[in-house]
Amino acid sequence: AMPHGIVKDVTLPEKFTLTEEQIRTYEEDGVVHIKNVFDDEWVDYLRKATGRQVDEPHFWAFAGTASKLYDYIQRNVWQTNRAFASFYYHSAMGHVLSQIGRTDEIRVSTDLLMVNPNKGFKWHQDNQNGPITWEEGIRFWITMDETPKDYGAPVYLKGSHRNTVVDEQAVFVDIEQDGLEDYKDELLEFRTMPGDMLIWHPRTIHKVDGPSDGIWTSYRRVLGGTVAKGGAIYHDKRGSGGVLSDLGKHGLEDGQPLKSSFFPIVYPQFDKQEAAERDAGRVGRSPQDIVSKIGGLATKASGERFSSFFQVLGSRN
């Protein structure tokens with residue numbers, strides 16, 4: 001059952017109104033922490049959906065889980081687990097992100113379910129945002145657990161989304177590099193709690209420090225990802241690391257509007273036709289699609305850049 005008496009696929013999505021100050025904080029700092037967006041009922045709903053997903057792991061999760069970075073990690077979990085799709089369709093998430101982006105439409109570009117990280121993640125910027133540009137996207141985290149007191153709180157370089165020196169293919173960032181002097185000492189740290197949202201610009205440089213002994217003693221369940229603002233265009237990222245968050249057979253061509261059941265609209269409300277295509281199993285990835293999209297990476301000059309993505313798998317803080 002869904003929270004608050006919501007009737008699945010019928011009830012309109014919930015609302016959660018932000019202040020102008022919260023929106024400006026995002027625009028100026030490149031990150032904002034919005035507390036208590038989701039109440040205990042929603043948190044319980046997400047925890048149960050996560051528990052079921054971990055108990056019945058999906059094939060797509062094996063690569064990430066094998067890397068030992070997380071106990072469980074799966075991209076595009078909404079495509080394989082209806083509970084997460086329903087969360088996007090009915091919760092206030094889309095309304096919150098539409099206000100942050102000052103936009104009248106929000107689509108899910110890509111998402112990621114992350115359970116119990118086993119390592120920290122050093123300074124980086126996000127380039128797994130799906131087939132959109134930095135400015136078309138908004139990153140989000142929805143946290144289901146309390147952040148430990150001594151580690152695990154995400155740390156951001158204030159205003160670093162405005163930097164012009166970090167290569168857009170880069171994952172990891174050396175914050176001592178020339179051009180980051182204005183940002184590297186302005187640290188913003190957020191201890192998120194259950195039901196909070198952490199929202200940031202995809203270019204904002206950030207890290208998460210793990211415990212010094214590498215042992216996380218508490219649960220850490222996060223639903224994260226990137227949404228696309230209204231008017232976003234499909235950008236074919238074959239030949240770059242960004243293709244890893246766009247492995248579906250949606251048929252969109254470079255330069256077309258990002259309108260597809262593979263990137264479902266969640267604000268102002270979900271689309272019943274898109275939901276029906278997802279439920280019929282038409283939204284997903286096949287091994288052939290993956291091979292054809294990733295195949296170009298081995299041959300293109302971007303191979304060396306792409307290798308930085310695979311360093312993530314061996315990343316230690």
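The values are calculated or read from the model by the stated rules, or taken from the named source; none is laboratory data. None of these values were measured; they are calculated from a predicted model. Cβ atoms come from the backbone with ideal geometry, glycine included; neighbour counts cover every protein chain shown. Accessible surface is based on the protein model in full, side chains and every heavy atom, while ligands, DNA and RNA are left aside. Shrake-Rupley method; radii C 1.70, N 1.55, O 1.52, S 1.80 Å.
Yes or no, residue by residue, for (1) open to solvent by less than 30 Å² (accessible area, probe 1.4 Å); (2) within 18 Å of the chain's Cα centre (by Cα):
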| position | (1), (2) |
| --- | --- |
| Ile6 | yes, no |
| Arg24 | no, no |
| His33 | no, yes |
| Asp40 | no, no |
| Thr50 | yes, yes |
| Glu56 | no, no |
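Six or more apart or on different chains, Cβ under 7 Å: which pairs go from a residue in the stretch 119-138 that's under 21 Å from Gln74 (Cβ atoms) and charged (D, E, K, R) to one that's modelled with pLDDT of 85 or more and not in a strand (DSSP E or B)? Could you list them?
Lys119/Gly210; Asp126/Pro202
For Glu168, state whether it is open to solvent by 20 Å² or more (accessible area, probe 1.4 Å), at pLDDT 95 or above and either more than 29 Å from Lys48 (Cβ to Cβ) or in contact with a Gly (Cβ under 9 Å, 6 or more places away or on another chain) (or both).
So Glu168 fails the test.
How many residues, within the stretch 178-208, are part of a loop (DSSP other than H, G, I, E, B), open to solvent by 40 Å² or more (accessible area, probe 1.4 Å), closer than 21 Å to Gly120 by Cα and touching a residue at least 12 places away in the same chain (Cβ under 8 Å)?
Going through the stretch 178-208 one residue at a time, the tally reaches 5.
Of all residues in the stretch 68-82, which are over 15 Å from Gly225 (Cβ atoms) and open to solvent by less than 20 Å² (accessible area, probe 1.4 Å)?
Of everything in the stretch 68-82, those that are over 15 Å from Gly225 (Cβ atoms) and open to solvent by less than 20 Å² (accessible area, probe 1.4 Å) turn out to be Leu69, Tyr72.
May I ask you to list the residues in the stretch 75-107 that are assigned to a loop (DSSP other than H, G, I, E, B) and of a type outside the set (Asp, Glu)?
Once the filter is applied, which keeps residues that are assigned to a loop (DSSP other than H, G, I, E, B) and of a type outside the set (Asp, Glu), the stretch 75-107 yields Asn76, Asn81, Ser91, Ala92, Gly101, Arg102, Thr103.
In the stretch 83-94, how many are without any contact (Cβ under 8 Å) to a residue 40 or more places away in the chain and open to solvent by less than 10 Å² (accessible area, probe 1.4 Å)?
0
Just give me the residues in the stretch 225-258 being among the polar types (S, T, N, Q) and either at pLDDT 90 or above or open to solvent by 50 Å² or more (accessible area, probe 1.4 Å) (or both), in sequence order.
Hits for the stretch 225-258 are Thr226, Gln256.
Conditions: (1) open to solvent by 50 Å² or more (accessible area, probe 1.4 Å); (2) modelled with pLDDT under 90; (3) not in a loop (DSSP other than H, G, I, E, B). Ile215 meets all but one. Number of the miss?
With respect to (1) open to solvent by 50 Å² or more (accessible area, probe 1.4 Å); (2) modelled with pLDDT under 90; (3) not in a loop (DSSP other than H, G, I, E, B), Ile215 is out only on (3).
Quick one: would you say Val222 is open to solvent by less than 20 Å² (accessible area, probe 1.4 Å), in a loop (DSSP other than H, G, I, E, B) and modelled with pLDDT of 70 or more?
Here the answer is no, as Val222 does not meet what is asked.
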